Amino acid sequence: MRQTRPGGPAQTDRRQRDVSTDPLGRAMLAYHRDEPGRLSYRDGSDVRDGNVAKFYFSGAESWDRETIEALERLIGHEPVLDVGCGAGKHLLWMAERDVAAVGVDASPNAVRTARERGLEDVHVGDMFELPVASAFGAVHAVGTQLGLGGSLAGIRTLLAEFARVTDDTGVAVVDNYDPTRLDEAFLGYRSDPREGVAHRCFHLEFEREGDDDRLERAVGRTLHFLLCAPPRLREATIGTPWDVRDVLSADGTAHYRAVLEKQPAASDGSE
């Protein structure tokens, strides 16, 4: 736990309690329970509002066409594994359509939030070592968490884990930002000399005033995302069973979703 200096200017006349873990999950849980708080994305002096309501609790009526189309690609491939399910907004969409789905998230508080919203089959787990045994028909992993692989090789490792938990006809939906459509104004942007590759680094902070009049402050570790254009994502699928079947993006935007499909195993010609 990070130590704080008593009486600092940011504390004014309130006591401050630092909680160094799970700021995003704490923000989701606080919002769900109608407890005021603020989530921020921070890269040095650059700070942006985390917008918990929009990003984690919005309904399908406000989603863009690409979000709906990507989800619809998963229908008929159930059960679906929602990796990084957060507060469960996509799981709720699937439940409304009687699509069998299971959620996994690294954040205990995100999982608690999803369960309090009525979702039972949601579990705490690491996406690089998914805590599931059965084979799923599809994986849904959005929120640009694919980039947490940190490199093309790391993304390949993550895709191999998705392949492990899906059946032979598995489908996956992942997303990322195309760095050829970004510039340094993008929060956390770090350039890379390679074409179609860049990086993003930032950390999350959550603050809320507790019932005991203490300012609770949760500060997360710095996150490193690899940003890759669709052609580089295709490169990352080499050596995995996956093939990029489609890329969905709104005109003029850097964010895209990729629909991956497993390819049939090559036959060696023997009987």
Completion exercise
Residues in the range 83-114 that are surrounded by fewer than 16 Cβ atoms within 10 Å (Cβ to Cβ), in a helix (DSSP H, G or I) and among the charged types (D, E, K, R) total 1
Handout entry: Subset of the range 170-181 [touching a strand residue (DSSP E or B) at 6+ places or on another chain (Cβ under 6 Å), more than 15 Å from GLN145 (Cα to Cα) and either surrounded by fewer than 17 Cβ atoms within 10 Å (Cβ to Cβ) or aliphatic (A, V, I, L, M) (or both)]
Key = VAL171
Completion exercise
In the range 254-264, residues that are in a strand (DSSP E or B) and in contact with a helix residue (DSSP H, G or I) (Cβ under 8 Å, 6 or more places away or on another chain) total 6
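Mind counting the residues in the range 250-271 that are surrounded by 12 or more Cβ atoms within 10 Å (Cβ to Cβ) and modelled with pLDDT under 95? Full working, then the answer.
Residues of the range 250-271 surrounded by 12 or more Cβ atoms within 10 Å (Cβ to Cβ): 250, 253-263.
Add one more test, that the residue is modelled with pLDDT under 95, and what stays is 250, 253, 263.
Residues that pass the stated criteria total 3.
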Handout entry: Number of positions in the range 124-162 that are part of a strand (DSSP E or B) and under 15 Å from the mean Cα position of the chain (by Cα)
Key = 5
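With the requirement that a residue be over 16 Å from VAL80 (Cα atoms) and either at pLDDT below 95 or assigned to a strand (DSSP E or B) (or both), what does the range 163-181 give you? Full working, then the answer.
Within the range 163-181, the first condition is being over 16 Å from VAL80 (Cα atoms), and the residues that meet it are 175-181.
ASP175, ASN176, TYR177, listed by residue number.
Please work out if PHE225 is crowded, with 18+ Cβ neighbours inside 10 Å, modelled with pLDDT of 95 or more, of a type in the set (Phe, Trp, Tyr) and under 19 Å from the mean Cα position of the chain (by Cα).
Working: crowded, with 18+ Cβ neighbours inside 10 Å: yes; modelled with pLDDT of 95 or more: yes; of a type in the set (Phe, Trp, Tyr): yes; under 19 Å from the mean Cα position of the chain (by Cα): yes.
Yes; evaluated as a whole, the condition is true for this residue.
The values are calculated or read from the model by the stated rules, or taken from the named source; none is laboratory data. In this text, all values refer to a predicted model and were calculated from it rather than measured experimentally. Because the Cβ atoms are built from the backbone with ideal geometry, glycine has one as well, and the counts that use them run over all protein chains shown.
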